[in-house]
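In what follows, a single structure is set out as structure tokens and then discussed.
Please treat every number below as a calculation from the coordinates, not as lab data. Everything numeric here is computed off the predicted structure, so don't read it as measured data. A quick note on method: Cβ atoms are made from the backbone with ideal geometry, for glycine too, and the neighbour counts reach across all protein chains shown.
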Ligand SMILES: [Cu+2]
């Protein structure tokens, strides 16, 4: 059993264990009976088969007993499921944005992050927002799993974490090539600690400290924002063009159906991030990359550019 850390754990695990126990019982019982019958009714021991016809009591037995078994499974499943479908009115509200192939989380005060930070013992209501294709929001330790559907408004889920710690958060709907890269973490903090994190608005517009290694921070951003799921650093061709040996070169692009050449410089990179479909790198498809307008600050882009420069030929 995966260790549990939310108020849903008991309900889900009860239903799971009950169904597992029934299945296990029947696996053993049926296998045992098959073996016994093979021995008891083989041709040597029982040369003449007995015909049994119309046994009311047998029919009733194998109808009534299974009805109670499946109703029992239904009961536990239902009782465990109902609280999941009834988010409370009050609670921390977070919007989860999913795109190929990363998650980002947005809080009501404007904070955004790549991991889901939440306080312990408090209701957290998540608005599920898919920006491109079907994804699914899955936190095994909380027994939370809900599809994220593009265009479906007011699609929500919720949970209340019961233990501090860090837990896996996965996309669990196959959403394309790098689906397996689409994972993040839930960090459950003490309430006080969370309050400090939440109110730390300096983090909204992160300012890199004086003398920070901008290129290294840029490298980390490409990772945390999920860019490297589509853009390799080593020359491999993924969904998008590689970053390797790109900076400063001439790129063949298609703009409004016209082929032209542009220099891979600041202006080109900034436009590619904010308006990916303006210039289409020849040989690649439009509509794959979504704009990061509002998700990457000017300084973030500056860091990314510093890193891209280190990959110049
Ligand atoms: Cu996904």
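Some observations on this one:
- Considering only alpha-carbon pairs that sit under 8 angstrom and 6 or more positions apart, the relative contact order computed for the range 92-203 is 30 percent.
- Packing-based ranking, highest mean first, of 48-54, 74-80, 305-311, 255-261 given that Cβ atoms within 10 Å are counted: 305-311, 74-80, 255-261, 48-54
- Residues in the range 244-266 reached by a label modelled at residue 277 [backbone nitrogen below 13 Å; 7 Å Cα→Cβ]: 256-257
- Cβ crowding within 10 Å averaged over residues, with 95-104, 232-241, 212-221 ranked highest first: 95-104, 212-221, 232-241
- Directionally averaged projected area (the range 209-269, Cα convex hull): 5.4 nm².
- Rel. contact order, % - alpha carbon contacts under 8 angstrom, at least six apart, the chain: 15 percent
- Theoretical gain in end-to-end length, residue 3 to residue 192 [0.36 nm per residue, Cα-Cα removed]: 65.6 nm
- Beta bridges by DSSP in the chain, antiparallel share as percent, to the nearest 5: 75 percent
- Chain lengthening between residue 65 and residue 249 when straightened (0.36 nm per residue, less Cα-Cα): 58.8 nm
- Averaging Cα coordinates gives a centre for the range 239-291 and one for the range 1-36; these two points are 54 Å apart.
- Across the chain, the fraction of Cα-Cα pairs farther apart than 38 Å, rounded to a whole number, is 37%.
- Distance between the 7 Å Cα→Cβ label points at residue 108 and residue 156: 1.1 nm.
- Computed E for residue 299/residue 16 - FRET, C-beta separation, R0 35 angstrom, nearest 0.05: 0.15
- For the range 30-155, relative contact order (Cα pairs under 8 Å, six or more residues apart, normalised by length) works out to 16 percent.
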